[in-house]
Amino acid sequence: MEKNENLSRQKKPITTTGMLFGILMIVVYCGMAYLMIFSSIFNQNLPEYFRYIAGVLLFLYGIFRAYRLVRSF
């Protein structure tokens, strides 16, 4: 029974499509973080403190996704 549990917990190898999608999402999250913090696009719709908090969180999540992508190799 333990052998079956170990087999199901093994990492699946990442495919080329999965890697490209992961890289694309990292770029999207970091790009949105840049837009939230440094761009004037969201000035009219969102308060300044919310833009900074959301920008930092998006950037940190992008870094986290990059870390997970690198760890999957």
Proportion of all alpha-carbon pairs of region 13-71 beyond 13 Å (%): 61
Within region 22-49, backbone nitrogen closer than 17 Å to the virtual label 7 Å beyond the Cα of Ile63 toward Cβ: 26-38
Inter-label distance, nm, simple model (7 Å from Cα along the C-beta direction), Leu46/Ile23: 2.7
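Computed from the coordinates by the stated procedures, all read-outs in this text should not be read as laboratory data. Predicted model, so just to flag it, every value in this text is computed and none were measured. Positions of Cβ are backbone-derived with ideal geometry, glycine not excepted, and every protein chain shown enters the neighbour counts.
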